[in-house]
1. Before we move on, is residue 71 touching a residue at least 24 places away in the same chain (Cβ under 8 Å), touching a helix residue (DSSP H, G or I) at 6+ places or on another chain (Cβ under 8 Å) and either among the polar types (S, T, N, Q) or within 20 Å of residue 18 (Cα to Cα) (or both)?
2. Given the options 76, 87, 53, name the one that is touching a residue at least 40 places away in the same chain (Cβ under 8 Å), out of contact with any helix residue (DSSP H, G or I) (no Cβ under 7 Å at 6 or more places or on another chain) and either within 30 Å of residue 12 (Cα to Cα) or of a type in the set (Asp, Glu) (or both).
3. Among the residues that make up the range 78-98, is at least one of them closer than 18 Å to residue 1 by Cα and surrounded by 10 or more Cβ atoms within 10 Å (Cβ to Cβ)?
4. With surrounded by 14 or more Cβ atoms within 10 Å (Cβ to Cβ) and either among the polar types (S, T, N, Q) or under 25 Å from residue 17 (Cα atoms) (or both) as the only criterion, which of 111, 64, 56 stands out?
5. Applying the selection to the range 1-37, what residues are touching a strand residue (DSSP E or B) at 6+ places or on another chain (Cβ under 7 Å), part of a loop (DSSP other than H, G, I, E, B) and either β-branched (Val, Ile, Thr) or at pLDDT below 90 (or both)?
6. Which ones in the range 30-72 are out of contact with any Leu (no Cβ under 8 Å at 6 or more places or on another chain), within 14 Å of residue 6 (Cα to Cα) and of a type in the set (Ser, Thr, Tyr)?
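The values are calculated or read from the model by the stated rules, or taken from the named source; none is laboratory data. Fair warning: this is a prediction, and the values are worked out from it, not measured in the lab. Note that we place each Cβ from the backbone using ideal geometry, even for glycine, and neighbour counts take in every protein chain shown.
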Amino acid sequence: MKVAYLSVPGVRYKIGLTASMVAFFYSDSLAAAKDVTALDRFRLTPRGDTIGAWKSVPSDVIWSGNLVAVLFDASATQMERIRLTIAAGAPQPLSEAAKAAQAQPMPPMPSR
């Protein structure tokens, strides 16, 4: 999906039975910021635009690093889960303490 005021095309996803999301993947966070900072952050449209490029008013707009996602017809639960998933980012490497704790063998379980 192409939006006139965004420099990258979006990818449309279906979420559940009725919700959808359009995700815009930029080469880096600076490219995303260049497109997004001048826009209305709640509707992802140019400020003062009364028509917009969307079929309906977005339920939520999520911007994290090089990803901008626009949710439509999403429930509060869906919005929360998607926002948490995107904002959490990729799994981080384990700390040394966590690695050491994982390396400890489990005590034997007595049989009954």
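1. Values: touching a residue at least 24 places away in the same chain (Cβ under 8 Å): yes; touching a helix residue (DSSP H, G or I) at 6+ places or on another chain (Cβ under 8 Å): yes; either among the polar types (S, T, N, Q) or within 20 Å of residue 18 (Cα to Cα) (or both): yes.
Yes, satisfied.
2. Sole residue among the options that is touching a residue at least 40 places away in the same chain (Cβ under 8 Å), out of contact with any helix residue (DSSP H, G or I) (no Cβ under 7 Å at 6 or more places or on another chain) and either within 30 Å of residue 12 (Cα to Cα) or of a type in the set (Asp, Glu) (or both): 53.
3. First, pick out the residues of the range 78-98 that are closer than 18 Å to residue 1 by Cα: none.
No, that holds for no residue.
4. Values: 111 fails: surrounded by 14 or more Cβ atoms within 10 Å (Cβ to Cβ); 56 fails: surrounded by 14 or more Cβ atoms within 10 Å (Cβ to Cβ).
Only one candidate passes the filter, namely 64.
5. Those that are touching a strand residue (DSSP E or B) at 6+ places or on another chain (Cβ under 7 Å), part of a loop (DSSP other than H, G, I, E, B) and either β-branched (Val, Ile, Thr) or at pLDDT below 90 (or both): 1, 3, 5, 8.
6. 37
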